[in-house]
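Visitor: Please find one structure pasted underneath; my questions will follow.
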Amino acid sequence: MIKVIEAKTNDDFSLDLKFSDGKRKCFDVKPYLNYEVFKPLKDLKYFKRVKIAFGTVQWTDEQDISSETLYLESKEIRNNETILNRLNAHLEA
């Protein structure tokens, strides 16, 4: 089973993740924010309290997203890619 071993939050409500297979990916949490359980994550200060627990990401009120979902729905981050590059690409799309 693939596990999350690193997680960094971004101000655009995305997560930069590193998985146990070495891949780095970016997961967009925004589509989940209207689900009742995830509504507290709309508060950026709370969103930034993410931690690694049981091989996935979790917040202090125990909201979590399965590592499988994170892995399958994330976009791979190339080694030289930065969040600024990703934002620019998103704006151009």
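Visitor: Name the aspartates and glutamates eligible as straight-distance cross-link partners of K3: C-alpha to C-alpha under 18 Å, and not fewer than 8 places from it in the same chain.
Guide: Counting by Cα, and skipping residues close in sequence, K3 has these aspartates and glutamates nearby: D16, D21, D28, E62, D64, E68, E73, E76.
Visitor: Express in nm, to one decimal, how much length is gained between A53 and R78 on full extension, taking 0.36 nm for each residue of separation and deducting their alpha carbon distance.
Guide: My answer for the length gained is 6.5 nm.
Visitor: Taking 0.36 nm per residue of separation and subtracting the Cα-Cα distance, what length does fully extending S66 through N34 add?
Guide: Gain on stretching S66 to N34: 9.8 nm.
Throughout, read-outs are computed from the coordinates displayed, never taken from laboratory work. From a predicted model like this one, the values you see are computed outputs, not experimental measurements.
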